Amino acid sequence: MKKVNFLLAAMLATSVLYVSCSSDDNTEEKFKKLDQILSGSSLTNATLSTDFTWVGEQMRQVDEYEEGQIVDQTKVIYTSETGTQIAELQMYKNYWKNSLYQKALRAINQYLQKENKELIQYMRIVPTYQSNKITRLDIYGYLDGKDLPYIGYLTITYTNDNPSQVSTKILYTMAGNPIEIEVMKMYYIWNNGNIVTEYTKAINFETPTAPMITTDSTVYTYDNKINAFSSLRSSPLIDAQVKSRNNILTSKFYFLDQQTNTMRLSIESSSTYTYDSQNYPTSSEDSEIINFETTPYTYTKVRLFEYKTN
C-alpha cells in the first residue's frame with residue numbers, strides 16, 4: 001500500500017474548501033457574499049489572504065494568498081451556467097512557494113515584470129447528489145501532481161439534515177486485486193445550527209487491520225451573530241467555520257498519539273469580532289496557543305471581512 005494514499009486521505013478529510021454548493025431549493029436563505037479576507041498582525045498592515053470569484057450566484061474560484069502570491073486555488077465547475085449543483089472541483093497548489101528556487105524565480109519574474117505561475121493541479125473531486133444533498137465525493141489526485149489517478153471516496157451521512165459523519169475509503173492493490181479500505185471516520189455533533197464537537201477515528205497506519213481509534217477532537221463555542229462565511233455554507237466538505245450558523249468564538253483541538261493514547265498536540269483558539277449594522281463580522285482579532293508536547297507557541301492576527309455589494 002502506498003503511504004501517499006493515506007496522506008491524501010488525511011489531507012482531504014481535514015481540508016477546508018471554501019466552495020459554495022447550494023441545493024436547488026429556491027427558498028434557501030440569502031446571505032451577503034463573502035468577497036475577500038485580509039489578514040495581518042494589525043488592521044493597518046492586513047493584506048489579501050483569500051479572494052472569492054463570483055459569477056451571479058455561482059462561486060467559481062477561491063484563491064489563497066501568501067506574500068502577494070497565490071499558493072492554493074480551487075476552481076468550481078458547475079453542471080450548467082446558471083445551476084447550483086457542482087460537477088467537479090479542481091484543486092491546485094504552489095509547491096515551490098517556500099523553496100529557494102521559488103524565491104529566486106519570484107525575484108527574477110518581478111525584475112522581468114512577469115507573472116509567476118507555479119500552480120500544479122493535485123486533486124479533483126466529483127460529487128454525487130441525492131435529494132439535493134451531496135452524499136459522496138469521488139477523489140482523484142496525487143501529492144506531486146504528476147497525474148490524477150482515482151484514489152478513493154468520501155461518503156456523507158446526515159442526521160436531521162445536518163452532516164453527522166464522513167467516512168473516507170481509499171483503494172489499493174493487494175496480490176494484484178484492487179480492494180478498498182476505510183481509513184478514517186469524522187463525526188459531527190450539532191446544537192442550534194452549529195457544530196459544537198467534532199472528532200476523528202482512524203486506523204493505525206502501522207497496523208491497518210487494527211480497530212479504529214480516536215485520534216483527535218475539537219470543541220467549539222459561538223457568538224449569536226451571522227456567520228461571515230454564511231454564503232459558503234453549502235460547501236461539499238464539512239468545516240465548522242463555514243457550516244455553522246454563527247461565528248466561532250473559541251475552539252480547543254486535541255491530537256492523541258496513536259501508540260500511547262496520550263495528548264501530543266493541542267491548539268486553543270479564540271476570536272473577538274466587530275460587526276456591521278446587519279450583524280455581519282467586519283473584522284476579528286484572533287489568537288492561537290499551540291502546545292506541541294511540552295512547548296507552547298502563541299500566534300495572533302487580525303482578519304478583515306469584505307462582502308460584495310451586489
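No value in this document is a laboratory result; all are computed from the given coordinates. As the structure is a computational prediction, the values presented were derived from the model and not from experiment. Note that each Cβ is placed from the backbone with ideal geometry, even for glycine, and that neighbours are counted across all protein chains shown.
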Exercise for the section: Collect residues whose amide H, placed 1.01 Å from N in the peptide plane, falls under 5 Å from the amide H of Y158; neighbours closer than 5 in sequence don't count. Expected result: S164
Handout entry: Across K133/K301; K30/K201; K33/K252, pairs whose alpha-carbon gap is larger than 31 Å
Key = K133/K301; K30/K201
Fill in the blank from the handout: Note, segment 53-67: 3J(HN,Hα) by Karplus (6.51, -1.76, 1.60, θ = phi - 60°), whole Hz, Gly/Pro = x, goes 9, 10, 10, x, 8, 9, 8, 8, 7, 10, 10, 9, 10, 9, 6
Exercise for the section: Give, as ranges by residue number, the residues of segment 292-308 whose backbone N falls under 13 Å from the point 7 Å along Cα→Cβ of E285. Expected result: 300-303
Exercise for the section: Take the alpha carbon atoms of segment 149-192, find their center, do the same for segment 53-98, and report the distance between the two centers in whole angstrom. Expected result: 23
Practice task
Name the residues whose placed amide hydrogens come within less than 5 Å of the amide hydrogen of S244, ignoring near sequence neighbours (fewer than 5 apart) on the same chain.
Solution key: I195
Completion exercise
Spelling it out for D35: with amide H atoms placed in the peptide plane at 1.01 Å from N, the residues 5 or more places away or on another chain with amide H under 5 Å from its amide H are E306, Y307, K308
Handout entry: 3J(HN,Hα) from dihedral phi, segment 75-85, Karplus parametrisation 6.51/-1.76/1.60, rounded to Hz, x for glycine, proline
Key = 9, 10, 9, 9, 6, 8, 5, 10, x, 10, 8
Exercise for the section: Give the calculated FRET efficiency between E293 and L43 to the nearest 0.05, with a Förster radius of 35 Å applied to their Cβ-Cβ distance. Expected result: 0.55
Exercise for the section: Write out the trypsin sites (Lys or Arg not before Pro) in segment 138-195 meeting two conditions: DSSP loop, and at most 11 other Cβ atoms within 10 Å of their Cβ. Expected result: K146
Problem - Separation of the K30 and T274 label points, Cα + 7 Å toward Cβ, nm - result: 2.9
